[in-house]
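Before any comments, here is the structure.
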Amino acid sequence: MPRMPDLPVNHYRGRDGASLVYRDLGDGRPVVLIHGFFSTAYVNWIRYGHAKLLADSGFRVIMPDLRAHGGSDKTHDPQHYPRDVLADDAFGLIEQLGLTDYDLGGYSLGARTTVRMLVRGAQPGRAVVAGMGLGGITEVEKRNEFFARVFDGLGTHQRGSEEWRSEAFMHTTGGDPVPLRLVLETSVGATVDELAGITTPTLVVMGDDDRGHGSGAELADAMPLAKFVEVPGNHMSAVTDPALGIAMRDFLVR
C-alpha cells in the first residue's frame, strides 16, 4: 500500500500550558482520533489511509499527537505528567476548537484515553475504541507491565521478541523513552461499573490475532450501547489494514 503524505501541523495548548500539536483533514462532521503508545497521529491515522477514507466520507478528522509523542511536548519534568493527563489534553483540544457536536475514537492507548473521556463526561455522538479489550481498561497496571519490561531492557531484548519489536517501533517514530515512560505512568483505567454507565453508542474493534489487551467482545458487552467487530491482524498490524478504517467509517457514517 502506498504511504499517504503527512499533513500540516497545527498547535494548541494543554490545560497546563504544554505545547501540543494536531493534524486536521476534511470539512465535515468532526471526529477526534487519538493514536496509540509509541505512535503518532501520522502513523496511526494518516499513513495507511484511514483519515483520508473518513474525510472522503464526510468527516473532519482531527488527530492530536499525544503528549510525549510526535511533535507534542516531550519534557522530562515529572510535574507535567499527572494522572489522566492525556484525557485532559484531549478535552483541552475539544474546548479550544469549540467542538460541541463531534465523534471520538482512539487506538490502543488512545482507546483507553477515549474511555477515560467517556467516563469523565465527554458526550460525543459516537465513539470508537480500537485495539483495546476489557483487561486493557480494567487492569491498567497489569497491562503496562509489558512496557515496563521494554523500558527496563532497552538495547538488550532478544531479537524478534515482542519487547524487541516494541522497542524497534519506538525508535522508528523517534520516541524518547524518558517522557514516554512518564506518560505511561499517567494511565488510568475504568471499572466495570463505570463502563456500564457509558451510554454513548460505541464501536469496539480489534484485530483477530490481538491477544495482549484482553477481550474486545467482553469490553463491548460491558457497555450498554457497544458493538464488537473483528478485523484482520494483531495489535501492530491491524492498524495498518484498510479494514480498520472501513469498520470505523461504516460505524460513524449515519
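The values are calculated or read from the model by the stated rules, or taken from the named source; none is laboratory data. From a predicted model like this one, the values you see are computed outputs, not experimental measurements. As a convention, Cβ positions derive from the backbone with ideal geometry for all residues, glycine included, and neighbour counts pool all protein chains shown.
Taken together, the criteria exclude Thr186 from residues that are assigned to a loop (DSSP other than H, G, I, E, B) and over 16 Å from the mean Cα position of the chain (by Cα).
Screening region 130-170 for residues that are in contact (Cβ under 8 Å) with a residue 24 or more places away in the chain and among the aromatic types (Phe, Trp, Tyr) and picking the one that is nearest to Val32 (Cα to Cα) gives Phe169.
Meeting the requirement of 1 or more residues that are of a type in the set (Gly, Ala, Ser), in contact (Cβ under 8 Å) with a residue 60 or more places away in the chain and touching a helix residue (DSSP H, G or I) at 6+ places or on another chain (Cβ under 9 Å), the strands (runs of 3 or more DSSP E) wholly within region 20-121 are 103-107.
Out of Tyr42, Tyr48, Tyr102, one residue alone is closer than 26 Å to Gly189 by Cβ, of a type in the set (Phe, Trp, Tyr) and either modelled with pLDDT of 95 or more or surrounded by fewer than 22 Cβ atoms within 10 Å (Cβ to Cβ) (or both). It is Tyr102. Only residues that are in contact (Cβ under 8 Å) with a residue 12 or more places away in the chain and in a helix (DSSP H, G or I) were counted in region 234-254, giving 13. For region 107-130, which positions are among the small types (Gly, Ala, Ser) and more than 20 Å from Phe146 (Cα to Cα)? Across region 107-130, the qualifying residues are Gly121, Ala122, Gly125, Ala127. Taking region 133-168 as the range and being in contact with a helix residue (DSSP H, G or I) (Cβ under 9 Å, 6 or more places away or on another chain), surrounded by fewer than 19 Cβ atoms within 10 Å (Cβ to Cβ) and under 26 Å from Val229 (Cα atoms) as the test, the residues that pass are Gly135, Val140, Lys142, Asn144, Phe146, Glu162. When Asp84 is tested against (1) surrounded by 18 or more Cβ atoms within 10 Å (Cβ to Cβ); (2) within 14 Å of the chain's Cα centre (by Cα), only condition (1) is not met. Would you confirm, using the coordinates I've provided, whether Glu162 is among the charged types (D, E, K, R), modelled with pLDDT of 95 or more and more than 17 Å from the chain's Cα centre (by Cα)? So Glu162 fails the test.
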